[in-house]
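Have a look at the structure below before the remarks.
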């Protein structure tokens with residue numbers, strides 16, 4: 001959503017969009033997701049009366065639905081950002097790890113000589 005789309009909109013929505021986009025830029029620059037608590041604290045510091053429990057509802061509606069992808073493991077995940085370590089994004093899940101280990105084991109079996117000379 002662009003600022004000109006807010007021409008006759010609520011000033012708090014405009015401010016929310018601007019602050020959320022700024023935090024997204026900061027998060028991308030730092031290459032680290034921002035925690036939900038820090039996100040809410042920054043919104044409150046900018047004069048937006050939002051609590052942490054409100055964020056989960058707000059990310060489903062515009063303007064935040066255009067900026068924030070989800071909230072996972074206590075971190076705000078912005079659109080186009082990788083999920084925090086330990087999640088499905090950026091790291092291999094347990095199924096993928098098992099597949100990798102099995103593939104490595106198969107390669108190793110073909111390389112090691114058999115103890116019986118077979």
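Here segment 65-76 is the region considered, the condition is being surrounded by 16 or more Cβ atoms within 10 Å (Cβ to Cβ) and within 15 Å of residue 40 (Cβ to Cβ), and the residue that is farthest from the chain's Cα centre (by Cα) is 67. Restricting attention to segment 31-48, the residues that are over 13 Å from the mean Cα position of the chain (by Cα) and without any contact (Cβ under 8 Å) to a residue 24 or more places away in the chain total 6. Filtered by the rule that a residue be touching a helix residue (DSSP H, G or I) at 6+ places or on another chain (Cβ under 6 Å) and part of a strand (DSSP E or B), segment 32-70 gives a lone residue, 34. Taking the criterion of being touching a strand residue (DSSP E or B) at 6+ places or on another chain (Cβ under 6 Å) and at pLDDT below 65, the only residue of segment 67-86 that qualifies is 84. Mind listing whichever residues of segment 1-34 are surrounded by 15 or more Cβ atoms within 10 Å (Cβ to Cβ) and either at pLDDT below 85 or farther than 27 Å from residue 73 by Cβ (or both)? Within segment 1-34, 1, 6, 13, 14, 15, 27, 33 meet the criteria.
The values are calculated or read from the model by the stated rules, or taken from the named source; none is laboratory data. Quantities reported herein were computed from a predicted structural model and do not represent experimental measurements. Cβ sites come from the backbone with ideal geometry, for glycine too, and all protein chains shown count toward neighbours.
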